[in-house]
1. Confirm whether Phe291 is surrounded by 14 or more Cβ atoms within 10 Å (Cβ to Cβ), at pLDDT 95 or above, outside any loop (DSSP other than H, G, I, E, B) and not aliphatic (A, V, I, L, M).
2. Which one of the conditions (1) in a loop (DSSP other than H, G, I, E, B); (2) at pLDDT 95 or above does Ser159 fail to meet, given that it meets all the rest?
3. Could you please let me know if Gly222 is crowded, with 18+ Cβ neighbours inside 10 Å and not hydrophobic (A, V, I, L, M, F, W, C)?
4. Are there any helices (runs of 4 or more DSSP H) wholly within segment 1-104 with 3 or more residues that are more than 10 Å from the ligand (Cβ to nearest atom), and if so which?
5. Please work out which residue is farthest from the chain's Cα centre (by Cα), limiting yourself to segment 128-140 and to residues that are surrounded by 13 or more Cβ atoms within 10 Å (Cβ to Cβ) and basic (Lys, Arg).
6. Please state which one of Ala77, Ala103 is within 19 Å of Glu148 (Cα to Cα) and surrounded by fewer than 16 Cβ atoms within 10 Å (Cβ to Cβ).
7. Is it the case that segment 141-151 has a residue that's under 19 Å from the mean Cα position of the chain (by Cα), within 16 Å of the ligand (Cβ to nearest atom), surrounded by 16 or more Cβ atoms within 10 Å (Cβ to Cβ) and within 26 Å of Arg6 (Cα to Cα)?
8. Applying the selection to segment 105-143, what residues are within 21 Å of Asp155 (Cα to Cα), among the aliphatic types (A, V, I, L, M) and outside any loop (DSSP other than H, G, I, E, B)?
Amino acid sequence: MTPVIRAHGLVKDYGRTRALHGVDLNVQAGEVFGFLGPNGSGKSTTIRLLMDLLRPTAGEVEVLGTAPSAGGPALRARIGYLPGELSFPARMSAGDYLGYLAALRGGRGRRRTGELAERLSLDLSRPLRALSKGNKQKVGLVQAFMHEPELLVLDEPTSGLDPLLQREFLLLVREAGAAGATVFLSSHMLQEVEEVAGRVAIIREGRVVDVDDVRALRARAGQQVLLRFAEPVAPAEFAGLPGVEDAAVDPSDGVTLTCLLRGDPMPLLTAATRHRVVRWQAEDRELEDLFLDFYRGPAAPAPPGRQDGPGPAAGATEREVLR
Ligand code: ADP
């Protein structure tokens, strides 16, 4: 099966700055694929290469089986793109602008504009220049989704959206995925993509350092756990338990245990209930913490999980991560 997005060895230089150092990607039809990385890691650059808004310094890229530079308007019509930085004609209203885009697309999308605007609480009568950042983002989302494209390429789609609208956005992504569309969405937060994405690629400093199933990634990121007991405990009781790392007891009170938990919580819970527990706190760790793990050395990330994408990116190994 031809991948919907295929990038091989993508390099992009901005003058003397190398933004991408050989990015490999393989996204299959029907995947909701997360593209995760901190700010400045090369997400927008990669996406702009996919959309032919930039041309690569070296390497190859194909979108829907076509080189973006050769695809022209026919290829663009099959893609819904939300750019990281939106710019609109200042004088039009949101409704006129979306109507204009629908006309450019041969009328496709006109029918859905109103429904999408309503779901996102976007007032179509307001001039684009008067819209807040969040409302501009809604216009960007409507124009990306309205023509029910085969491929959605969304660059930091939830930036500026309040939590309620983020939920609505996730619903839209799920619906598009259920209808068979392929979705490629970038973010700097694991939390943002984990509800909808299947596989995720992690990009850092212009290199894809890991590709994994989002659940496996979450399990590897783990949770930071704090337990407080009614009586003093020894760190040795917890240090060797499966899934428990960095177990430490606060020396100032002798009763507060902190640790990193990855995987099955039962061994830790069983050990904890030998004492009276007075406080339990567990927080999901974020993408930044995963990156810290990558720097920490061989003891850190567990072996990559399921990697069913056939491409070179899917073969990114822990060794590459740690290089
Ligand atoms: P992200 O989308 O992950 O935040 P970008 O792709 O925007 O990352 O940026 C990747 C790197 O390329 C950064 O170091 C950024 O400063 C640099 N960069 C991006 N756009 C330009 C540009 N137009 N000119 C020069 N450097 C750029």
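1. When the stated conditions are applied, Phe291 does not pass them.
2. So the condition that Ser159 fails would be (2).
3. yes
4. 68-76, 94-104
5. Across segment 128-140, the extreme among qualifying residues is Lys136.
6. From the options Ala77, Ala103, the qualifying one is Ala103.
7. Scanning segment 141-151 turns up no residue that is under 19 Å from the mean Cα position of the chain (by Cα), within 16 Å of the ligand (Cβ to nearest atom), surrounded by 16 or more Cβ atoms within 10 Å (Cβ to Cβ) and within 26 Å of Arg6 (Cα to Cα).
8. Scanning segment 105-143 gives Leu116, Ala117, Leu128, Val139, Leu141, Val142.
The values are calculated or read from the model by the stated rules, or taken from the named source; none is laboratory data. Model, not experiment: these values are computed from the prediction. Note that we place each Cβ from the backbone using ideal geometry, even for glycine, and neighbour counts take in every protein chain shown.
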